[in-house]
1. Under 7 Å by Cβ, and 6 or more places apart or on different chains, what pairs join a residue from segment 62-73 that is without any contact (Cβ under 8 Å) to a residue 12 or more places away in the chain with one that is exposed (fewer than 15 other Cβ atoms within 10 Å of the Cβ)?
2. Give segment 68-90 a look and list any residue that's closer than 17 Å to residue 135 by Cα and part of a strand (DSSP E or B), or say none.
3. Identify the residue in segment 91-107 that is outside any strand (DSSP E or B) and exposed (fewer than 14 other Cβ atoms within 10 Å of the Cβ) and, among all such residues, is modelled with the lowest pLDDT.
4. Looking only at residues in segment 49-67 that are closer than 13 Å to residue 122 by Cβ and part of a strand (DSSP E or B), which one is nearest to the chain's Cα centre (by Cα)?
């Protein structure tokens, strides 16, 4: 009688401790909240210029936990099909924990048609290490007409 009671009590205490981990910063699913749309920020003078134009519009931004850090995955919608060489280009050094990326991609080589928005979507991603994430409180990705931010 005594052993089952002790086992049940230990199980109850173990399961009750799981609630504290769910809201803690140790849980990778709590690292960043849902993304939100923000206004386009101005480019700082003296920043490295990339010849590729900015994506027209950002449609999705997700920070997904991964082994050793997180993956920042961003989807953009160009005006036509055929855009390529998409990349998230980091702007200047982080300021007060805010990291800003530009979503840049190369235009099509020739004439390109316009089809459904789903067929024009382009996704780019970058891996952020756990050490980088310790210093970051918000991540912003800029396009030509909008930007999106994910905060802790």
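1. Taking only residues 6 or more apart or on different chains, the pairs are 64/71.
2. Result: 69, 70, 71, 72, 90.
3. Selected residue: 92.
4. 60
The values are calculated or read from the model by the stated rules, or taken from the named source; none is laboratory data. Model, not experiment: these values are computed from the prediction. Positions of Cβ are generated from backbone atoms using ideal geometry, with glycine treated the same way; all protein chains shown enter the neighbour counts.
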